[in-house]
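Below is one structure, written out as structure tokens; the observations come after it.
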Amino acid sequence: MLHSIFFCFWCLAGVFGDDAVKSVSVMEGDSVTLNSDTELQADDVIQWRFGSENSPIATINRGTGIISTHDGADGRFRDRLELDHQTGSLTITNTRTTDSGLYQIRAKIIYRFSVAVYARLPVPVISNNSSSSSSSSSSCSLVCSVVNVSHVTLSWYKGNSLLSNISVSDLSISLSLPLEIECLDDSYSCVVAYSFSNLTTHLNNTELCQPCSECIHCCGSTEAVIRLALSALVGVATVAVLVYDIRSRKEEQQMRSNSHAD
């Protein structure tokens, strides 16, 4: 009898349901909730199914009071499924990449969710690109790298301005993105990103690139101000010494002229 009830709901949902599929992205290890967007009535029956095999993974029968979750055909969901008894929404905890796939809630209408579970982003590593031949002795060649990634974009930024980027789609590979700069400051950063999350590494290691010593505009603003102030002080001191020297000589000449007159 119970199987007949589910079959009837399946048929009605197929006729009257919305064929739209909602895409959901989540990071591996996080939890994700698939919302049914409904309030269950006293006699409602719903069932969650997963994958191309439509394996049942959760059931609520308000009429009989049956509420249950299932481990899945291969046991992948063991102890990781939670049902909201009021709405029928399904929460998957401690997500894994193998949880990616199509989820369906079968009730008066069908809701479909395409869930993509992404591996944790690696921290971008910035290193000196010693293999690159620099066009100028004053410039510095860097490379930013990430390993074993897919569906990510790797980018170089200076402040909020995008300098360059590279993307990878399906394959899990290593990505590297070179950058040549004139001197080190704290405004450069390398970012690896999914469409919904990112990780950033800032360039602040003076062992990779030496601070610019040839021009003030290459250096940080604080250092530039200090250099300008010191230059101004040296200039003022030099002028003061020259003025004092000129006055001393005039006074000495005046005293000599007065002694000759006497």
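Any read-out appearing in this document is the output of simple, stated calculations on the displayed coordinates, not a laboratory observation. Source: prediction; values computed, not measured. Neighbour counts run over all protein chains shown; Cβ positions are idealised from the backbone, glycine included.
Please give the length that would be gained between S172 and E82 if that part of the chain were fully extended, namely 0.36 nm times their separation in residues minus their C-alpha to C-alpha distance (nm, one decimal).
29.3 nm
Between N148 and D71, the contour length at 0.36 nm per residue exceeds the Cα-Cα span by 24.8 nm.
Placing R0 at 51 angstrom, the Cβ-Cβ distance between E53 and H202 gives a FRET efficiency of 0.65 after rounding to 0.05.
Mind checking the range 60-126 for trypsin sites (Lys or Arg not before Pro) that DSSP puts in a loop (not H, G, I, E or B) and that have at most 12 other Cβ atoms within 10 Å?
Numbers: sites: R62, R76, R78, R80, R96, R106, K108, R112, R120; in loops: R62, R76, R78, R80, R96, K108, R120.
Here the trypsin sites (Lys or Arg not before Pro) that fit, given the DSSP loop and packing criteria, are R78, R120.
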